[in-house]
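For reference, the structure is listed below as structure tokens.
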Amino acid sequence: MSARRRLPLAVSALAAVGLLFVAVPIVALLIRVPWSDLGSLFGSNVVTDALRLSLIASVLATLTAALLGIPLAIALARGTFRGKSIVRGFVLLPLVLPPVVGGAALLFALGRRGVIGEPLESLTGVVLPFSLWGVVVAVTFVAMPFVVITTEAALRGLGGRHEAAAATLGASRSTVLRRVTLPMIAPSILAGLVLTWARALGEFGATITFAGNLGGRTQTLPLAVFVALEQDRDAAVAISLVMVIISLAVLIGLRDRWWGSW
């Protein structure tokens with residue numbers, strides 16, 4: 001059995017190089033961490049404000065993604081309508097679209113002179129760019145595809161036997177969805193939401209383009225790292241350490257559910 005599992009030497013060598021390629025920069029970051037000064041660095045106003053804003057925005061983005069993304073996933077997995085592949089393409093586009101381009105698109109749509117932003121401001125006085133809600137919109141736009149893709153994959157892999165049985169017993173479609181379908185795919189939905197939260201927490205390009213980089217107002221953790229790299233390297237490394245720990249914890253914790261949902 002062990003002989004059959006042994007990899008070819010070339011594959012093992014290239015895999016080792018690939019591992020080093022992604023691991024060495026992280027190790028280099030850890031080497032530069034000013035461990036003795038972490039307490040004072042984490043207690044600075046810049047770090048605490050950025051952390052608070054990042055947590056608020058990422059949680060609100062996750063809730064918004066759940067509210068909009070789960071119905072989208074259900075429609076894509078179970079609905080029958082023309083242009084479904086085009087709809088799926090638009091929904092998942094932020095996964096491959098450069099975040100700065102996404103931020104620019106949001107600016108043209110929801111900015112003060114945007115297609116929706118201008119009438120929204122004139123009717124309600126609400127201005128999204130350079131505000132907390134602008135941060136929420138930006139990170140939701142980038143992160144929502146994660147909950148869509150995991151939920152849709154779970155629905156497509158779900159056998160219809162239990163749902164058919166519930167329908168045979170007289171349950172309505174909404175009851176079947178609420179009492180049978182969603183509970184059965186709940187682990188995949190949870191995995192998608194956690195990934196959505198982690199992606200929202202680490203978003204940079206769309207945020208700085210659409211919401212700006214205002215300290216205490218729209219400056220999230222990634223933006224704080226960007227500024228600190230030019231002003232205070234130790235603070236930049238400390239904030240980066242927080243992001244690395246969070247990201248690694250999410251990936252390790254969801255390894256089985258994430259890969260298993262595809």
How much length is gained if the chain between Leu229 and Val127 is pulled fully straight, taking 0.36 nm per residue apart and subtracting their Cα-Cα distance, in nm to one decimal? 33.7 nm
Can you tell me the length gained on complete extension of the stretch Leu19 to Ser85, counting 0.36 nm per residue apart and subtracting the Cα distance? 20.2 nm
Enumerate the helices in the chain for which the Kyte-Doolittle hydropathy averages -1.0 or more and the C-alpha atoms extend at least 24 Å along the helix's axis, using complete DSSP H runs. 9-31, 45-78, 132-156, 233-253
Multiplying the sequence separation of Val59 and Trp35 by 0.36 nm and subtracting their Cα-Cα distance, what value in nm do you get? 5.8 nm
In µm²/s, what is D for the range 21-113 at 4 °C and 1.567 mPa s, where D = kT/(6 pi eta Rh) by Stokes-Einstein and Rh is the Kirkwood radius from Cα pairs? 74
Surrounding charge for Glu152, neighbours by C-beta under 12 angstrom, Lys/Arg +1, Asp/Glu -1, total +4
Given R₀ = 22 Å, what would the calculated FRET efficiency be for Leu9 paired with Leu251, taking r from the Cβ atoms and rounding to 0.05? 0.20
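A short reminder: the numbers here are calculations on the coordinates, not readings from a lab. This structure is a prediction, so every number in the text was calculated from the model and none was measured. Heads up, the Cβs are rebuilt from the backbone with ideal geometry, glycines too, and the neighbour counts pull from every protein chain shown.
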